[in-house]
1. In the list LYS116, LYS102, which residue meets the criterion of being open to solvent by 90 Å² or more (accessible area, probe 1.4 Å) and more than 14 Å from GLU137 (Cβ to Cβ)?
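The values are calculated or read from the model by the stated rules, or taken from the named source; none is laboratory data. Please read all numbers here as calculations on a predicted model, not as lab measurements. Because the Cβ atoms are built from the backbone with ideal geometry, glycine has one as well, and the counts that use them run over all protein chains shown. Heavy atoms of the whole protein, side chains included, go into the accessibility calculation; ligands, DNA and RNA do not. Shrake-Rupley method; radii C 1.70, N 1.55, O 1.52, S 1.80 Å.
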Amino acid sequence: MSSIIYIGVDDTDVIGSVGTGRVARGLAKCFTDIGLGTSLGVSRHQLLVDKRIQYTSHNSSKGLAFVTDQDADEFVLPALDYMKTCFLARFRSGLCICSEGKINDEIIQFGQTAVKQVLRKQDAIKLAAKYKVFLKELAAAATGSSARWQPSA
């Protein structure tokens, strides 16, 4: 039975990166190419612009939606594999993958609040854990003159 899987991406634009939009569109193509489902598109989401938040230009994130017969878990490894090809030194990224059945009023309210006030990363992590939603911070750690990808703890 088909359902919709939602994927949230933020690459916290490091100067010189390809940008969140290109990462999200590449991720959508990756999922389509490996047969995970049909893309419903990529959308831009404006987050709060505030001097207490680090961002490069506009502080926006991207959302992807896929019609699929697969579980949300099937999107995790391909997403991680694709995103590690986009990393630069000092790169920090966020990835969230959620089936439509897990979205509820508390999750929606948290997202709506993100456009109005500064939120704590640990609150997002707790909320995702509460509803068993995949949420991971990813980072590229500089090692000498090159960068290596690593999931954040």
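1. Working: LYS102 fails: open to solvent by 90 Å² or more (accessible area, probe 1.4 Å).
Testing whether each residue is open to solvent by 90 Å² or more (accessible area, probe 1.4 Å) and more than 14 Å from GLU137 (Cβ to Cβ) leaves just LYS116.
Table: residues versus (1) at pLDDT 70 or above; (2) closer than 25 Å to ARG22 by Cβ.
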{"site": "MET83", "(1), (2)": "yes, yes"}
{"site": "PHE87", "(1), (2)": "no, yes"}
{"site": "CYS98", "(1), (2)": "yes, yes"}
{"site": "GLN109", "(1), (2)": "yes, no"}
{"site": "GLN112", "(1), (2)": "yes, no"}
{"site": "VAL115", "(1), (2)": "yes, yes"}
{"site": "GLN122", "(1), (2)": "yes, no"}
{"site": "ALA139", "(1), (2)": "yes, yes"}
